[in-house]
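J.: Once you've had a glance at the structure underneath, I'll fire off some questions.
Rule-based calculations on the coordinates, nothing more; no lab input. Predicted model, so just to flag it, every value in this text is computed and none were measured. Quick reminder, even Gly has a Cβ in these numbers, built from the backbone with ideal geometry, and neighbours come from all protein chains shown.
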Number of protein chains: 2
Amino acid sequence: MTNRRATIADVARVAGVSPSTASVVFSGKTPVSDTTRLRVIEAADSLGYTGPDPRAASLRLGRSGIVAVVVGSSLNFMFVDPVQRLLMDGLAEAVAPLGAGLLLLRRDDELDIENAPTLTTASIDAAVLIGCDGSLRASLPIVQARGIPVVVVEGDAGEGIPRIALDNRDAQRRAAQYVRDLGHARVAIVTLWQDAAGTVGWIAPDAEIAVDVTRDRLQGARDVFPDAPAFACAGSSIDDGFAAGRVLFADPRTRPTAVIAQSDLLAAGVIRAAEDAGLRVPQDVSVTGFDGVPVDGLAPYELTTLVQPATAKGRAAGAAIAAMLDGREPESVNLTSTFRIGNTTSRAG
Amino acid sequence: MTNRRATIADVARVAGVSPSTASVVFSGKTPVSDTTRLRVIEAADSLGYTGPDPRAASLRLGRSGIVAVVVGSSLNFMFVDPVQRLLMDGLAEAVAPLGAGLLLLRRDDELDIENAPTLTTASIDAAVLIGCDGSLRASLPIVQARGIPVVVVEGDAGEGIPRIALDNRDAQRRAAQYVRDLGHARVAIVTLWQDAAGTVGWIAPDAEIAVDVTRDRLQGARDVFPDAPAFACAGSSIDDGFAAGRVLFADPRTRPTAVIAQSDLLAAGVIRAAEDAGLRVPQDVSVTGFDGVPVDGLAPYELTTLVQPATAKGRAAGAAIAAMLDGREPESVNLTSTFRIGNTTSRAG
DNA sequence: TTGTAGGCGTTATCAG
DNA sequence: CTGATAACGCCTACAA
């Protein structure tokens with residue numbers, strides 16, 4: 001009744017074969033005669049051996065089957081965003097065939113907790129950085145020094161690091177053009193966060209925005225409406241959009257006839273605010289979103305929005321990782337969004 | 001310019017010390033003289049050595065610093081629920097001091113993908129099973145055979161496995177009592193999924209429900225309103241609640257004056273449906289939720305609901321894991337929800 | 001088809 | 001405070 005777990009050597013001994021043979025029975029890398037296989041399996045059963053210890057295997061093979069996903073501080077915050085969720089789904093799906101799972105890690109610089117796991121200390125085969133803005137970039141040297149493949153989604157990590165990007169500016173421009181073609185001239189923009197602090201409020205016309213997504217989408221809208229005022233939110237949520245909408249619709253004389261929101265959740269909030277202000281959507285105000293994700297509770301509205309291939313983004317990141325682990329050159333990918341017309345936009349009155 | 005990464009042995013050689021000494025410099029387990037430490041650090045720098053290889057360390061130490069979280073099929077689906085997100089946050093927080101991170105794994109039986117990582121093949125120190133209903137229970141023998149500590153959240157895994165549970169029935173009963181005390185008699189219940197398939201519709205009065213949460217909360221409500229009709233939803237979302245609400249409010253003559261929803265998201269949907277049917281909340285219909293999570297876009301309503309300690313649930317699971325890894329006896333915990341009165345309930349007209 | 005031998009990179013133990 | 005030694009459990013040339 002020893003406490004030690006059985007090892008493959010034990011199994012081999014009981015089965016009366018050599019360790020390598022027993023190993024092969026489990027890995028299937030080499031043909032084994034049926035009788036030996038059976039003996040080994042039986043021995044394993046009798047010992048309660050459930051297969052090779054992954055820890056030992058990963059040392060030997062140099063692979064741990066784990067891909068790190070570096071997220072911001074709070075999982076809760078991150079997964080509020082449907083786009084992130086779909087992204088993770090795509091990623092999980094794409095790395096599964098590699099025998100890899102996703103390890104959630106926080107950013108290295110948020111170490112309030114003693115000896116928390118980090119990119120440096122975790123046994124990982126690769127890392128995915130999401131939204132590589134500033135602070136995330138600090139993680140890079142670490143993984144690079146360890147020689148771990150990295151891929152960046154929605155962000156720029158510099159030379160030689162594959163990126164999975166979106167045509168944010170182009171796509172947003174297309175939506176803006178559509179809005180203009182509908183005859184709208186008084187247009188307001190509701191943006192995602194403009195900085196890490198999540199400063200809420202009107203964005204100065206000449207402000208430099210450090211957050212890639214926000215900047216790019218804003219530029220796209222400004223390509224068509226150069227003077228449109230832009231209001232920055234703290235995050236991507238209905239509540240944030242609602243608060244922004246309240247401000248936009250506060251003054252009946254200056255209120256916009258169309259609002260370009262940088263996410264579907266924000267757009268949903270803006271719509272709520274419009275209703276709240278006694279405005280009908282789309283008759284009195286047109287609203288566009290971005291993302292093309294199902295917004296829980298938005299029915300019967302169907303947003304006019306840009307459908308981004310969120311799951312594909314994850315899959316592309318997974319594919320890049322697979323390539324790198326294979327020793328192949330990873331590709332940076334630039335995905336494109338599709339403009340979809342819903343029932344939240346109409347001709348300017 | 002060899003491609004091999006430097007090992008601690010290389011560092012030791014360059015520093016002119018023994019490998020064990022070099023190791024100790026990194027682990028800090030034993031005092032080292034400043035001069036040697038410096039020499040080792042310098043050697044490491046010059047070789048680009050970033051610290052012990054986690055794979056080797058985990059073999060040696062028998063710890064990988066990874067805790068598996070077994071989720072249903074889709075991350076997207078799972079993380080829609082704010083309760084799950086908070087739970088994960090608490091869990092991450094609680095295992096971080098152990099130097100552990102969270103590995104997302106799918107259920108073993110959903111293996112459509114060849115060689116996907118599983119509870120059997122991943123190097124994990126412990127596992128958390130969330131919502132241990134039926135199919136999840138299949139994972140148990142596997143981990144137990146491997147001698148891996150397991151804790152179950154919101155579900156029953158049988159003997160000897162620590163559980164983190166909630167006072168679902170008691171809590172729901174308290175809410176129901178409150179509703180009754182307000183004078184409501186025609187009450188309907190909107191429930192979470194009643195089976196894995198997510199069958200939508202009225203629940204037969206004598207139906208046996210296999211999903212623990214749903215059953216327990218339903219019993220709590222029925223303790224007070226034994227004959228209240230219950231309508232089952234497919235999931236916990238505003239849209240699901242809306243659909244249910246539509247049915248409840250379809251016939252003005254039989255419509256309930258109060259609805260007990262089994263989650264806040266469902267309650268939000270029911271409220272929408274009520275508005276949609278021209279009913280005012282709470283004047284015409286009272287609605288209660290369950291969970292006490294912020295529902296994006298629900299303002300200005302503040303739900304009358306049961307606030308469950310979602311993050312604490314995660315932390316408790318983490319604590320149980322910490323205990324087991326420490327060789328201590330883990331505790332099963334029974335957390336309690338707090339009844340909170342919002343503005344979605346009022347006296348029966 | 002099976003066995004032998006060596007090493008993957010660490011770290012705990014124990015002796016100096 | 002430092003160093004030698006021995007595992008940790010497995011996999012894979014290579015030889016038989």
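J.: Summarise the partner chain shielding of B:89-97 as one whole number: the mean count of Cβ atoms from other chains within 10 Å of each residue's Cβ.
T.: 5
J.: Now for a different question. When only Cα pairs under 8 Å and 6 or more residues apart are kept, what is the percent relative contact order across chain B?
T.: 17
J.: May I pose another question? What translational diffusion coefficient, to the nearest whole µm²/s, does chain A have by Stokes-Einstein, given a Kirkwood radius computed over alpha-carbon pairs, a temperature of 25 °C and 0.890 mPa s viscosity? Kindly include the intermediate steps, with their values, before the conclusion.
T.: Numbers: Rh = 22.8 Å.
Answer from the Stokes-Einstein relation: 108 µm²/s.
J.: Starting from a label point 7 Å past Cα on the Cβ side, list the distances from A:P229 to the same position in the other copies, nm, shortest first.
T.: Once sorted, the set of distances for A:P229 reads 5.0 nm.
J.: Please compute the Cα-Cα pair-distance distribution of region B:226-349 with 5 Å bins starting at 0, giving whole percents from short to long.
T.: Bins of 5 Å from zero give 2, 11, 19, 19, 16, 10, 7, 6, 5, 3, 2, 1, 0 percent of pairs.
J.: Of B:L75, B:L91, B:L303, which is the most mobile in a GNM of chain B whose springs link Cα atoms less than 10 angstrom apart?
T.: Maximum fluctuation in the GNM of chain B, among the listed residues, is at B:L75.
J.: Sort region A:16-168 into rounded, prolate or oblate with this rule: let a ≥ b ≥ c be the square roots of the eigenvalues of the Cα gyration tensor; rounded if a/c is under 1.5, and if a/c is not under 1.5, prolate when a/b is larger than b/c, oblate otherwise.
T.: Prolate shape, in that a/c is at least 1.5 and a/b is the bigger ratio.
J.: Okay, moving on. Under 1.5 on a/c is rounded, so check that first for the protein assembly as shown, then, if it is not, pick prolate when a/b is larger than b/c and oblate when it is not; a ≥ b ≥ c are the square roots of the alpha carbon gyration tensor eigenvalues. Can you show the working numbers first?
T.: On the way: a/c = 2.19, a/b = 1.34, b/c = 1.64.
Oblate, because a/c is 1.5 or more while a/b does not exceed b/c.
J.: Relative to the other copies, what are the label-point distances for A:N334, with labels 7 Å from Cα along the C-beta vector, expressed in nm at one decimal and sorted shortest first?
T.: Nearest to farthest, the other copies are at 6.1 nm.
J.: Hey, what do the phi angles of region A:330-340 turn into as Karplus ³J(HN,Hα) couplings, whole Hz, using 6.51/-1.76/1.60 and θ = phi - 60°, x for Gly and Pro?
T.: x, 9, 7, 10, 10, 8, 10, 9, 10, 7, 10
J.: Right, next: As a test of the definition: which semi-axes, in Å, follow for region A:168-308 when you take the square root of five times each eigenvalue of its alpha carbon gyration tensor? Largest first, please. Walk me through the intermediate numbers first.
T.: Numbers: eigenvalues 74, 52, 49 Å².
Ellipsoid semi-axes (Å, largest first): 19, 16, 16.
J.: Going by average Cβ density within 10 Å per residue, which order do the peptides B:235-247, B:215-227, B:253-265, B:329-341 take, highest to lowest? Don't jump to the answer; show the numbers that get you there.
T.: Details: B:235-247: 23.2, B:215-227: 19.2, B:253-265: 24.8, B:329-341: 14.9.
Highest-to-lowest ranking by the protection proxy: B:253-265, B:235-247, B:215-227, B:329-341.
J.: Going by average Cβ neighbours within 10 Å, how do the peptides A:143-151, B:156-164 rank, with the highest at the top?
T.: Peptide ranking by packing, descending: A:143-151, B:156-164.
J.: Roughly how crowded by other chains is peptide A:76-88, in terms of the mean Cβ count from those chains within 10 Å of each of its Cβ atoms?
T.: Numbers: counts 13, 2, 4, 11, 6, 1, 3, 0, 3, 8, 3, 2, 6.
Mean partner shielding for this stretch: 5.
J.: Put a point 7 Å out from Cα along the line to Cβ at B:E42; what are the distances to that point in the other copies, in nm, shortest first?
T.: 6.4
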